[in-house]
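A.B. asks: First the structure, which I've put down as structure tokens, then a few questions once you've had a look.
The values are calculated or read from the model by the stated rules, or taken from the named source; none is laboratory data. Fair warning: this is a prediction, and the values are worked out from it, not measured in the lab. Don't worry about glycine lacking a Cβ; one is built from the backbone with ideal geometry, like all the others, and counts go over all protein chains shown. We work out accessible area using only protein heavy atoms, side chains counted, and drop any ligands, DNA or RNA first. Shrake-Rupley method; radii C 1.70, N 1.55, O 1.52, S 1.80 Å.
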Amino acid sequence: MRIQDFQRRIEELYLARDSARGLAGTHMWFCEEVGELTRALRRGKREELEGEFADVLAWLATLASISGVDLADAARRKYGRGCPRCAAAPCACA
Ligand SMILES: [Zn+2]
């Protein structure tokens, strides 16, 4: 699944509810999910890790949608040509 398709799917599933909750409340949920990912990274269980990465990506996508940002376009613009600072891949920044 491409980033754009994923963002559209999350919009289809949750955008109405997440927009009604608003940016601040939705950002709190995002932070909570980042905390869950942190705990999963510490525990190191593969299945749990995958689920938490997916959750963080979903909350990131919904925050982007509420903010009117297309994640794929933003990522391509910033990282599509290599490191945003030095333009090399891999990054050659000191
Ligand atoms: Zn660099």
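A.B. asks: So which pairs qualify, if the first residue must be in the range 67-88 and closer than 18 Å to Ile10 by Cβ and without any contact (Cβ under 8 Å) to a residue 12 or more places away in the chain, the second must be more than 16 Å from the ligand (Cβ to nearest atom) and open to solvent by less than 50 Å² (accessible area, probe 1.4 Å), the Cβ gap must be under 8 Å, and the two must be at least 6 apart or on different chains?
C.D. replies: Close Cβ pairs satisfying both conditions: Ala74/Ala64.
A.B. asks: Do we find that Ile3 is in contact with a Ser or Thr (Cβ under 8 Å, 6 or more places away or on another chain) and not aromatic (Phe, Trp, Tyr) in this structure?
C.D. replies: no
A.B. asks: Kindly provide the set of residues from the range 1-13 that are open to solvent by less than 90 Å² (accessible area, probe 1.4 Å) and of a type outside the set (A, V, I, L, M), ordered by number.
C.D. replies: Gln4, Asp5, Phe6, Gln7, Glu11
A.B. asks: Filter the range 71-94 down to the residues that are more than 9 Å from the ligand (Cβ to nearest atom) and among the basic types (Lys, Arg), then identify the one that is nearest to Gln4 (Cα to Cα).
C.D. replies: Arg76
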